[in-house]
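Undergrad: My questions all concern the structure below.
The values are calculated or read from the model by the stated rules, or taken from the named source; none is laboratory data. Since this is a predicted model, take the numbers as computed values, not measurements. Cβ placement follows ideal geometry from the backbone for every residue including glycine, while neighbour counts extend to all protein chains displayed. The accessibility values were calculated without ligands, DNA or RNA, using every heavy atom of the protein model including side chains. Shrake-Rupley method; radii C 1.70, N 1.55, O 1.52, S 1.80 Å.
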Amino acid sequence: MRTFNLRLIAASLGVATLLAIGGTTAQAQAENGDFKLYIGGIPAGQLTISAQNNGKAYQVAGYVRSTGLIGSLVKVSYKAQVKGAVNNGKLSPQSYAEQADTGRREQSSQLNYKNGVPQVLKLDPPRTKRDYDVNPAGQKGTLDPLSMIYSALRNVEESDACTLNQKMFDGRRLSEIVLGAPSKNGNEISCSGVYRRLGGFSPEDMQERTDFRFTLTYGALSDGRYGVQRISSESLFGKVVIKRK
């Protein structure tokens, strides 16, 4: 299994780690979520997330680990934390750190942000420069993986469902998530979405596949907003489904 597919697509609605969490209110609000991941109908992962957002600042912590049959074959984990500001509902990360175990090796990274521009403080293990690398200096306004997850999947008003169009930079790679085509059926709203590789990926990765399409389904909540209940996607490993516990 590839490092990117188990970690980054996990953070961007492709293969492993879609973490659905609640939205924001005027007062500080602590929110927690637990979710189950299935690959090809087989239980594959446990997802846990917690967040706080007071309308001016936010912080999120997320954790995923492989479970079931897949967990018995390969031990995969991803843990991340992010802190940032909230401006008119938009997230602006200030510091991000992650630790990951891909089943083959452990790795970690750390980003800080200055005026919205990511500063790569740590990439471990380091790697030699490659001609397809993305320059962090040109990535102003991008989100880190965990902020992207939060931005994509927090609870929303009906008018805000399926409206996300956001780029993400993880310290090495640039990608984006675009939601659209909302369809309402009773108390549910479904979106068509795509996770797209943009830069920083090897030519082999880009040739293999650039777009990962998925369907995201919201359910009506008691406060009148909508919360993500289910995500399904075709991936390089088969059909991936995330269900809220």
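Undergrad: Let's test the formula: R0 of 35 Å, r as the Cβ-Cβ distance of ALA181 and LYS129. What FRET efficiency results, to the nearest 0.05?
TA: E(calc), rounded to 0.05, equals 0.35.
Undergrad: Further question: Magnitude of the Cβ-charge dipole of segment 57-212, K/R +1 and D/E -1, about the Cα centre, nearest 20 debye? Intermediate values should be presented prior to the final figure.
TA: Details: 21 positive and 17 negative charges, 93 e Å.
So the magnitude is around 440 debye.
Undergrad: Could you give the alpha-carbon Rg of segment 92-234 over 2.2 N^0.38 Å, rounded to two decimals?
TA: For segment 92-234, the normalised Cα radius of gyration comes out at 1.17.
Undergrad: Semi-axes of the equivalent ellipsoid of segment 177-219: what are they in whole Å, largest first, if each equals the square root of 5 times a C-alpha gyration tensor eigenvalue?
TA: Semi-axes (√(5λ), whole Å): 30, 7, 6.
Undergrad: Right, next: How charged is the neighbourhood of GLY227? Take every other residue with its Cβ under 10 Å from the Cβ of GLY227, and add Lys/Arg as +1 and Asp/Glu as -1.
TA: +2
Undergrad: Moving on to the next point. Straight-line reach from LYS184: which lysines have a Cα under 20 Å away, not including same-chain ones fewer than 8 places off?
TA: LYS243
Undergrad: Right, another one. Express as a percent, rounded to the nearest 5, the fraction of DSSP beta bridges in segment 86-203 (both residues included) that run antiparallel.
TA: The answer is about 95 percent antiparallel.
Undergrad: Quickly rank 114-121, 163-170 as a protection proxy: mean count of other C-beta atoms within 10 Å, highest first. Mind dumping the intermediate values first?
TA: Working: 114-121: 13.4, 163-170: 19.4.
Top to bottom by mean Cβ count within 10 Å: 163-170, 114-121.
Undergrad: Just to confirm a number: summing +1 for Lys and Arg and -1 for Asp and Glu over residues other than TYR132 whose beta-carbon lies under 13 angstrom from that of TYR132, what do you get?
TA: Result for the neighbourhood of TYR132: +2.
Undergrad: I'd like the carbon and sulfur percentage of the solvent accessible area for segment 144-245, probe radius 1.4 Å, heavy atoms only, ligands and nucleic acids excluded.
TA: Its accessible area is 42 percent carbon and sulfur atoms.
Undergrad: Taking LYS83 as the anchor, which aspartates and glutamates have their alpha carbon closer than 18 Å to its alpha carbon, excluding any fewer than eight residues away along the same chain?
TA: Within reach: GLU31, GLU98, ASP144, ASP170.
Undergrad: Which log10 I(q)/I(0) values does segment 152-245 give at q = 0.12 Å⁻¹ under the Debye formula, counting every alpha carbon as one identical point scatterer?
TA: Each listed q maps to, in turn, -0.43.
Undergrad: From the alpha carbon gyration tensor of segment 78-119, can you work out the equivalent ellipsoid semi-axes (sqrt of 5 times each eigenvalue) and give them in Å, largest to smallest?
TA: 25, 11, 6
Undergrad: Can you give me the pair-distance distribution of segment 39-159, C-alpha pairs, 5 Å bins, whole percents?
TA: Reading the bins upward from 0: 2, 10, 17, 19, 18, 15, 11, 7, 2, 0.
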